Each structure stands twice: as structure tokens, then as C-alpha cells.
Amino acid sequence: MDLGARLKGRHVFVTGASGGLGEHFARLLAGCGAAVTIAARRVDKLEALVGELREAGAPHARAVPLDVTDEASIAAAMAAVVADGAPPLDVLVNNAGVAASEPAVDVTADIFDRVMDTNLRGPWLLSVAAARQWRDAGRPGVILNVASILGLRVGKGVGPYAVSKAGVVQMTKVLALEWARHGIRVNALCPGFVLTDINRDFFDKPAGQQIVKRIPMRRIGTAEELDGPFLLLVSDASSLMTGSIVAADGGHLVSEL
């Protein structure tokens, strides 16, 4: 089964696409022939990526500015996604997120609110806005929430992040239940530790290597290893799946106590 072929011509909106996994997913989708709209606060990064995608043969790539912590920005972005003759939206990928690495006793209200607003409140508002578009148009739709295995287990020093991602997991189930009757499917992808330019140095150090030793596969993943589950969940290959929480973590969730 060619999962990528199932996305040709589909309009996918990816948040948090100015770097990291969001940028990777945008490139993946464009390579599959999807019409990709990317969003983030760093508009210069978005425009540069759009230029690259168009040069690579994705003429329908577009960028919209988005601050997921700002309700007015969300409304403007959702309107822009389908403006100027763009095709109707088919898929929303809630990927934008931030982390906090303080011990719980050092987490201020501002830190907690920033993480919750970005990781949970923003995806909720975006999902509701997309669902209203689909419901009012009588169209089906797909939402993929990028959560984390920290939404299913816990770790030290990442309290607000873990709480927010646990909220994303439960939000996925709640929205899947309520919107199934409208033909709107909502699923979540929970990556484990994935190598990026940001964490590469950490995993080369003893503290990072200790984490790697606790993963049954004894290694961390790559962004490319998320491609399969990602394409499954954003395409109609998962047409019977909603409310599903799919982990891709090298077996970390089934590690021994």
C-alpha cells in the first residue's frame, strides 16, 4: 500500500512548521503531492520553506502566520487556509509545541501557562475551528495531534510538558467521540525520543546515553521513522481509526520498571 499516493491533492494544514518535526512533515507531505499550508510565528522560516517546496515541485505550498496562543491569530490563520482560491481543508496536523525543563517546584505560573496555551489550548481551538468548517460544509475531515509518550508516562523535570501532552491524548479521545458522527476523525501520534539538531549534543553525553539505555531498542529514533505512522494517520488508509493513540518510541512505553 502506497500511503503517500493517498495524499495526492489533499489539502493539509501543519502548525509549528518552521522547524523540527513540523518542517519534516511538511516536506514529507509536499513530496507526496499534497497541497500543504504551513504555519508558525517565524514567518521568514516559513517563506523560505515554501520557496524550497515550490522549487522541489510543490506549487500549492503556502504559508500563513500563526501564534497558537492567540485566539485572534488562530481565527485569522484558519480563514487564510481556505482563502484566495485555496482548496477546502482536508487535514489538520496540530504539531506546534513547546517544552519546559524545570523541576516542578521551580515552575512559575507563567511557565505553566505558556506550555498549556501552546500545547493544549491552541490545538483545542484549532481543532474546533477546523471541525466547524467541515461540519458547516458537510465535509469529512482528519485531525492528527502530535502528542508524546510523555503524555502516557512521566519523567522528571518536564512536568508542564507531560501534563499538556496527557491533555492532548485525552482531548484526542474526546473530540473523536463527539465528531465521529460528522465524519471527522481525530487521532494522535506519540513519538518517543527522536534525534534532532536541538537534542543531538545531549544524547552524545552521559545523561543522554543513560536515557538511551532504558529504551528497549537501545537507540533513539529519527524523524524519518515517524513517516509511516504519520502517513497512516493523515490518510484514508486509517479510515476506520479515530480516537487512536499511536506510539512510535522504540518500545520505551513497554520498558521494565
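The values are calculated or read from the model by the stated rules, or taken from the named source; none is laboratory data. Predicted model, so just to flag it, every value in this text is computed and none were measured. Note that we place each Cβ from the backbone using ideal geometry, even for glycine, and neighbour counts take in every protein chain shown.
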Next item on the list: Please state which one of 220, 184, 149, 111 is farther than 20 Å from residue 249 by Cβ, among the β-branched types (Val, Ile, Thr) and in contact with a strand residue (DSSP E or B) (Cβ under 8 Å, 6 or more places away or on another chain).
Entry: 184
Checklist line | Selection status of residue 183, surrounded by 20 or more Cβ atoms within 10 Å (Cβ to Cβ), at pLDDT 95 or above and not β-branched (Val, Ile, Thr) | finding: no
Check: If you go through region 23-48, how many residues are of a type outside the set (Phe, Trp, Tyr) and surrounded by 24 or more Cβ atoms within 10 Å (Cβ to Cβ)?
Finding: 10
Notebook entry, point to check: Which one of these does residue 21 not meet: (1) within 28 Å of residue 185 (Cβ to Cβ); (2) over 16 Å from the mean Cα position of the chain (by Cα); (3) not in a loop (DSSP other than H, G, I, E, B)?
Noted result: (2)
Next item on the list: Could you list all residues from region 214-245 that are of a type in the set (Val, Ile, Thr) and crowded, with 20+ Cβ neighbours inside 10 Å?
Entry: 220, 234, 242
Margin query: Quick check on region 24-49: of everything there that is touching a strand residue (DSSP E or B) at 6+ places or on another chain (Cβ under 8 Å) and in a helix (DSSP H, G or I), which residue is nearest to residue 144 (Cα to Cα)?
Written below: 25
Check: Scanning for something closer than 25 Å to residue 23 by Cα, of a type in the set (Gly, Ala, Ser), touching a Lys or Arg at 6+ places or on another chain (Cβ under 9 Å) and not in a helix (DSSP H, G or I), does region 215-238 turn up at least one residue?
Finding: yes
